[in-house]
Each structure stands twice: as C-alpha cells, then as structure tokens.
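This report refers to the structure that appears directly beneath it.
The values are calculated or read from the model by the stated rules, or taken from the named source; none is laboratory data. Note that the structure is a prediction, hence the values are computed from the model and not measured. Every residue, glycine as well, gets a Cβ built from its backbone with ideal geometry; the counts of neighbours run over all protein chains shown. Please note that ligands, DNA and RNA were not included when accessible areas were found on the heavy atoms of the full protein model with its side chains. Shrake-Rupley method; radii C 1.70, N 1.55, O 1.52, S 1.80 Å.
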Amino acid sequence: MTDPLEIVGADEAPVCVDGVCAVPPTTDGATEEQGSGDL
Amino acid sequence: MARPLRDVVNSVNNSPTRPVKVDIWSDIACPWCFIGKRRFERAVADWDGAVEVEFHSFELAPDTPVDFEGSEVDFLAHHKGMDPAQVEQMLSQMTVMAAEEGLAYDFDALRHTKTLLAHQALHFAKAHGLQRELKERLLSAYFEQGRHVGRVDELVTLATEVGLDGDALRRDLEAGTFAPDVEADIAQARAYGIAGVPFFVFDGRLGVSGAQAPETFREVLDRVVAEASA
C-alpha cells in the first residue's frame, strides 16, 4: 500500500503530461500556453 | 568551494548526516525532465546536506514508434494534430529556456523514438552503480546530439561511453531482463497518482511536480531535514 504524497512546491512549474509539454507564459506579459507533444 | 554540478547529485555525497532520499520519475523524451534535472542539481549544489538520488521510469508516450522518419515538427503535427507554426514557435521557446540552464537543445537533429529500452538500460545501469551517468548521457544524446536512443545498438554504444559493459547490456536488453523493473516504476508512479514528469518524491512522502525553481527544491530539502530532527 502506497502512502499518499503531500504535494508541495509551485503549482505552475512546467511538466510534461501525456506526451504534451506545456510552455509556461512568457515573462513579457504574453499568456499563451502552448503544447508540445512527445518531445 | 562549490561542488561541480555533475558531482552533486550523487548516490550519496560525503555529508555525515543521513542523506535525503529523492526519487525522480522522468522520461528521456521529456524536455522539462532535463531542464528540471539541471535545476535540481543547482539546488543540491547550493544546499548543505547529503542527497541520495534514484531515477525511475516513466513513459510519456508509450505509443511512440521506435522509428519515425521526419522532423520534430512533422511528428508533433501528425501525432498531436498541432499547427506546425505553433510547434516551431514552441520549440524555439523551449530551446531558449534550455539554454538558460546550459543545455543546447537541437530539435532539428532530434530523433523521435520509443524510450522503453532506454528505461531498461537505466535499470541495468542502476544495478551496476552508473544510473546517474547513463541518465545524463541519454538525455544529452537525445536533446543535444540527435542520437537515436530507441535502438539496442545505440544504447549499447552510449552505455559503454559511461563505463558500462556493453555486451552485458545487449544481452539484458534482448532478454528483457529489466522490463519488470520498468513496469514496477510505472506502477509506483500510478500508485502515487503521478500524471506527468518530471516528478520528485522527497523522503518518500513529499511530492514535487515539474521543473521547479532551485529554491523550491532547496526549501523542500530543508523541510525534510528540519522534520527529521524535530
């Protein structure tokens, strides 16, 4: 039986999910979130 | 004197205190995993304590073919239905962010492939005390050097470069010796509820998702030590 994890850290950290790797919003104010697959 | 980055994420460093165990789920074909690895290494380099790292397998896209004849843009457009122009822009942004971590991503040269065998090779390397070295080698080979990490021959070559026995690796890859270990890692990720990578588990109880900033990793390391000594 695996004990549940306590999730910590920033929610918006970039991650790849199901082959899609989101690029976070750019620092110049742009807000688009783009996906990339299977990189 | 600061420790070299490549040396800080070691099996166990020289601190007299009990090392903090960090289990990292990641894939080779995962740009954020390589960037997250660098950020984690920077955190450990600036942190005064012992860290023990173990990498675990995660297949981001199990349906990826071993061989794909085409560019990165072709692959993403065909398999994910993405707009090629959007893909070009995204790859450009990702390349810039990787460069900020000292990584030279080359998406023009990248060779898409299935990473299942690479994960088996990483378990082979772990069994021989060289998992950290092979992990770094495979990530660099994939993202920076356009190497094909889905074939036995190429994996054997890369593994030999870090000091592993290529003949033994070839035998184990062809026999699927470490396939159950890969499956166990993936099952453990599922049990934890891990949906994406990189994913870091500190001390078997604190989960950190994504390529976080180094200071975030350091805060979690501090917390683990503080709670252990409380």
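Residue-wise HN-Hα couplings along segment B:165-182, as the Karplus relation 6.51 cos²θ - 1.76 cosθ + 1.60 with θ = phi - 60° gives them from phi, are 7, x, 5, 5, 4, 4, 4, 5, 5, 5, 8, x, 4, 9, 4, x, 5, 5 Hz; Gly and Pro carry x.
Counting only Cα atoms, the size of segment B:51-125 along its three principal axes is 41, 31, 18 Å, in decreasing order.
I'd like the mean, over residues of B:189-200, of how many other protein chain beta carbons sit within 10 Å of each residue's own Cβ. Partner-chain Cβ atoms within 10 Å, mean over residues of B:189-200: 4.
When the solvent-accessible surface of protein heavy atoms is calculated with a 1.4 angstrom probe, in what order do B:112, B:128 fall, highest first?
Values: B:112 10, B:128 105 Å².
Sorted descending by solvent-accessible area, the residues read B:128, B:112.
DSSP beta bridges confined to the protein assembly as shown are antiparallel in about 60 percent of cases. Residues of segment B:50-99 that bury at least 50 Å² of accessible area once all protein chains are present, compared with their chain alone (1.4 Å probe, heavy atoms only, ligands and nucleic acids left out), are B:60, B:80, B:90, B:93.
Taking the centroid of alpha carbons for each part, segment B:16-80 and segment B:200-230 are 17 Å apart. Each residue was assigned an accessible area with a 1.4 Å probe, and for residue B:223 the value is about 80 Å². Stokes-Einstein diffusion of segment B:79-222 at 37 °C, 0.692 mPa s viscosity, Kirkwood radius from Cα pairs, rounded to a whole number: 192 µm²/s.
Amide H to amide H distances under 5 Å link residue A:7 with B:207, where only residues 5 or more positions off or on other chains count and H is placed in the peptide plane. Projected onto its three principal axes, the C-alpha set of the protein assembly as shown covers 55, 53, 42 Å, listed from the longest axis down. Note on the protein assembly as shown: dipole from Cβ charges, positive end direction compared against B:58, B:179, A:21; the farthest Cα belongs to B:179. Take residue B:219: with every protein chain present and a 1.4 Å probe, its accessible area is about 120 Å².
For the protein assembly as shown, a crude dipole built from +1 on the beta carbon of Lys and Arg and -1 on the beta carbon of Asp and Glu, taken about the Cα centre, is about 720 debye to the nearest 20. Partnerless cysteines in the protein assembly as shown, where a partner means another cysteine C-beta under 4.7 angstrom, do not occur. Per-residue surface analysis assigns residue A:7 an accessible area of about 110 Å², computed on protein heavy atoms at 1.4 Å probe radius.
Mind jotting down a quarter of the surface of the convex hull over the alpha carbons of segment B:26-151, in square nanometres, one decimal? It would help to have the intermediate numbers written out before the result.
Details: hull surface 31.4 nm².
It is 7.9 nm².
Any idea of the accessible area per residue across chain B, 1.4 Å probe, to the nearest Å²?
Numbers: 9650 Å² over 230 residues.
Value for chain B: 42 Å² per residue.
Treating only the Cβ atoms of Lys and Arg (+1) and Asp and Glu (-1) as charged, compute the dipole magnitude of segment B:5-229 about its Cα centre; round to the nearest 20 debye. If you can, show how the numbers build up before the last one.
Values: 22 positive and 38 negative charges, 99 e Å.
Here the size comes out at about 480 debye.
Per atom type, segment B:5-229 shows carbon and sulfur on 48% of its accessible surface, probed at 1.4 Å. Which far-off residues, 5 or more places away or on another chain, put their amide H under 5 Å from the one on residue B:56, with H placed in the peptide plane? HN-HN under 5 Å from residue B:56: B:24, B:25, B:26. Lysine pairs in segment B:5-229 whose alpha-carbon atoms fall under 16 angstrom of each other, counting only those eight or more residues apart or on distinct chains, come to 6. Across segment B:40-50, coupling constants 3J(HN,Hα) worked out from phi with the 6.51/-1.76/1.60 Karplus curve, θ = phi - 60°, read 5, 4, 5, 4, 5, 4, 9, 10, 9, x, 9 Hz, and Gly and Pro carry x. Interface size, chains A and B: roughly 2700 Å² of accessible area buried, both sides included, 1.4 Å probe, rounded to the nearest 100.
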